[in-house]
1. Just checking, how many residues over the range 1-20 are under 14 Å from Val61 (Cα atoms) and either in contact with a Leu (Cβ under 8 Å, 6 or more places away or on another chain) or not in a helix (DSSP H, G or I) (or both)?
2. Please go through (1) assigned to a helix (DSSP H, G or I); (2) at pLDDT 60 or above for Gln131 and return the number of the only condition it doesn't satisfy.
3. Would you pick out the residues in the range 162-190 that are within 22 Å of Gly219 (Cα to Cα), modelled with pLDDT of 90 or more and either hydrophobic (A, V, I, L, M, F, W, C) or open to solvent by 50 Å² or more (accessible area, probe 1.4 Å) (or both)?
4. Go through the range 1-56 and give me each residue that's free of Cβ contacts under 8 Å to residues at least 24 places away in the same chain and closer than 17 Å to Leu96 by Cα.
5. Of the residues Arg224, Arg247, Arg231, Arg198, which single one is among the charged types (D, E, K, R), modelled with pLDDT under 90 and over 23 Å from Pro82 (Cβ atoms)?
6. Does Arg112 satisfy the condition of being surrounded by 14 or more Cβ atoms within 10 Å (Cβ to Cβ), among the charged types (D, E, K, R) and at pLDDT 80 or above?
7. Checking Val150 against (1) β-branched (Val, Ile, Thr); (2) open to solvent by 70 Å² or more (accessible area, probe 1.4 Å); (3) at pLDDT below 90: exactly one of these is not met. Which one?
Amino acid sequence: MRWRVSVAGAGFVVVLVLVEVLFGVGGPSERCATVLAAVAPLGCAVILAQRPRVAVAAVAVLAVGLLALGVWVRPPEGALFPPPQDWLVPYYGFALLVVLVLLGMLLSGWQRLVVVPVAAVGVTTLFCSAQMTFFVVPLNPSGGRPSSEVREADFLPLPDELAVHEFKPDCSGAHTPCTRFYEVWSRHGASAAQVMDRAAAALRDRDWPMTASGDVYEGCRPVRGVFTWERQCLSLYATDRFIQPRRTSHPGAIVLWASTG
């Protein structure tokens, strides 16, 4: 029992480091959930292993697979990181193979011929059912590309001279990611036009291709990984064009609209 705890603990640290280095995007809660999801197959492998060497080998194989997957899904220049669901799906498929091999080593004779295929079918069925709930990959009820939540880490924070306040997100549908709205204004009393220009310049510095269209700035970036996701878009609007002025409380404020599609 003691060696299982030691191997599982070491594996947890390795997975934690790999996830942080390779997929470290998003807030603390998202990262924590990602690490726990990635560690779950590792725990199953350690439980099924009958000897320390087998457990260490299984953990090493899973870690190498996670490393290879992290290198593979690195987005091209200008693209955003996909959500964790993107790479967790193939990682779980790989982990399933490792677990089935360990299960085959644990059994013998007719048990191996019966239990392993039944377990493979059962786990695959459960996993596919969970895709639409926990993983939400990569199906879209409208038949288009999968949509992912807009991550603040991809465009915030803005420079210190600009203050940002988020309005209540618009979550109109169960299968539609929330549209996020932010009020942006100058801490030094700059006009709305100046705020818009400075916000657009700051977003360009973060690789957002913000272009002017009349008095509106817009820019979109692709989201790439194992799958191709709906692109993420940012728009800068004057408050009197986009939302009711009574919802703003700062002179010279503009609205930053972050959406999918």
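The values are calculated or read from the model by the stated rules, or taken from the named source; none is laboratory data. Everything quoted here is computed from the prediction, not taken from an experiment. FYI the Cβ positions are ideal-geometry reconstructions off the backbone, even for glycines, and counts take in every protein chain you see. Surface accessibility is based on the protein's heavy atoms, side chains included, excluding ligands, DNA and RNA. Shrake-Rupley method; radii C 1.70, N 1.55, O 1.52, S 1.80 Å.
1. 5
2. So the condition that Gln131 fails would be (2).
3. Leu162, Ala163, Val164, Val184, Trp185
4. Leu36, Ala40
5. Exactly one of Arg224, Arg247, Arg231, Arg198 is among the charged types (D, E, K, R), modelled with pLDDT under 90 and over 23 Å from Pro82 (Cβ atoms), namely Arg247.
6. No: the conditions fail for Arg112.
7. (2)
So that you can scan it fast, the table gives a plain yes or no per residue for (1) exposed (fewer than 14 other Cβ atoms within 10 Å of the Cβ); (2) touching an Asp or Glu at 6+ places or on another chain (Cβ under 9 Å); (3) at pLDDT 80 or above; (4) within 14 Å of Pro83 (Cβ to Cβ):
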| position | (1), (2), (3), (4) |
| --- | --- |
| Val15 | no, no, yes, no |
| Val19 | no, no, yes, yes |
| Gly27 | yes, yes, no, yes |
| Arg31 | no, yes, no, yes |
| Val39 | no, no, yes, no |
| Cys44 | no, no, no, no |
| Ala55 | no, no, yes, no |
| Val59 | no, no, yes, no |
